[in-house]
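Every number here is computed from the coordinates shown, using simple stated rules; none is lab data. This is a predicted model, so every value here is computed, not measured. Glycine gets a Cβ as well: all are built from the backbone with ideal geometry, and neighbour counts include every protein chain shown.
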Amino acid sequence: MSAGLLGLTLFLAGNHGDPAMAASESTAAPDKTGTARSVETVDQILLRIERPQEVVDEMRRLPSLLAQMTEATQGGSIPGAVVRKLGDAVDAGFDPATAERKVVEAVAGAGGETAGDGLAAVATRFDAAGAELEKLSASKNSELVAEDMEKRAAARSDKARIEELSTLMASPELRGEVRLTAQRIERALDLVFSAGAEKVAATDDAEWRETIAEFIARSRVDGGEASVPLSRQTGVAEGRAYLEGRLLLLSEDDVATLHAFYASAEGRKKRDALVAAFQKQNDENAKQALVAFVSALKMVP
């Protein structure tokens, strides 16, 4: 299995959202025999698998998590009023419904509305695999979970397909966006604390908008590699590790079905549209949230 699977230890030990939350049941209608049949489109199934709105929910938890990390690792703390202002700004700026709408529009624009009953069934079992992996991580330490996954990988004849599939699916790229967002928030905190309260208050909002827009654009290009623990690529690697763990809990037939879709021209086009739309919206969310944060700081006594 890929070296990234070893990163499952770090991912399961960290704070992250639950991408394995049970999906709402597929919209169904009876066929001529009275048996329920799925009427989900490929787009709906893709979004059910990738769950971009849950990634945005995770981003909204970052202010409190970063405050805890600062206290634990640096021995200091971020003032409560600052954490509250940051949390309010991130809550307002990172709206899961808006992100999902933008992604839905982009995926629909990529064409293809074929219903896929087989893919829908696999998506449901993929949800269950995520729930099973979460239970495993809760019942034993992350090193033991990673060892268990390594043993499962060694016994699989489709391990190369699983590795490839983890690069084709969108969720690792979305996971990388969480890390990138954390770095951006950290950078904004550095900027305002290094500037000092008086300079923050004296600096025009337009200048702050320009400064924030510049470092957001820069971080999109370099992926935040200067801050390795919070780099986008670190998040992508962790996301791949976690995804491979989930895929190992599926049957080889289910993995083959997912691989066939994601490796197809339609699947690649839709996956790429999803990632591009999510990244674009994430940049906009970050700008809005961080500008609002700095503006709110001016009102902190």
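Listed values, structure above:
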quantity	calculated
Over 24 Å between alpha carbons, listed pairs LYS102/LYS298; LYS102/LYS269; LYS102/LYS270; LYS151/LYS270; LYS199/LYS287	LYS102/LYS298; LYS151/LYS270
Most to least packed among 216-222, 172-178, 144-150 [average Cβ atoms within 10 Å]	172-178, 144-150, 216-222
Convex hull projection area averaged over all views, the range 166-301, Cα basis, nm²	9.5 nm²
Distance between the range 179-202 and the range 226-301 - C-alpha centres, whole angstrom	24 Å
Computed magnitude of the charge dipole of the range 126-174 (debye, nearest 20; Cβ of K, R +1, Cβ of D, E -1)	180 debye
Efficiency of FRET between GLU150 and GLU105 - r from beta-carbon atoms, R0 41 angstrom, step 0.05	0.55
Cα gyration tensor, the range 231-284 - rounded (a/c under 1.5), prolate or oblate	oblate
